[in-house]
1. Please list the radius of gyration and Dmax for the chain, considering alpha-carbon atoms only, with Å as the unit.
2. Highest first, please rank the peptides 47-54, 64-71, 11-18 by the mean number of other Cβ atoms sitting within 10 Å of their residues.
Amino acid sequence: MRYHVVGKRRTETGPRPALIFAYGASNRPLIPEFPGAMATVVEAGCIFVHAHIRGGSEFGLGWWLEGRAQNKQNGYDDL
């Protein structure tokens with residue numbers, strides 16, 4: 001699976017909450033973006049993950065075909 005991660009740099013270690021957004025269907029590309037609501041999550045110290053699952057068209061025709069019709073299970077597996 002391909003994804004983008006956004007979070008504030010910090011010096012302490014340990015786990016922190018994460019919000020994961022994923023979509024992959026209908027040959028619709030969802031390019032990486034950082035809308036205001038996600039900025040609030042990151043500002044609060046969380047991590048925002050934008051996951052790209054097969055079925056969208058962010059990475060070309062093959063990416064879309066690998067997640068549609070008889071290959072739809074691939075998208076669920078990515079998630």
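Every number here is computed from the coordinates shown, using simple stated rules; none is lab data. In this text the structure is predicted, and so the values were computed from the model without any measurement. Because the Cβ atoms are built from the backbone with ideal geometry, glycine has one as well, and the counts that use them run over all protein chains shown.
1. Using the Cα atoms of the chain, the pair Rg, Dmax is 14.5, 46 Å.
2. Numbers: 47-54: 19.9, 64-71: 15.4, 11-18: 7.5.
The densest-packed peptide leads the list: 47-54, 64-71, 11-18.
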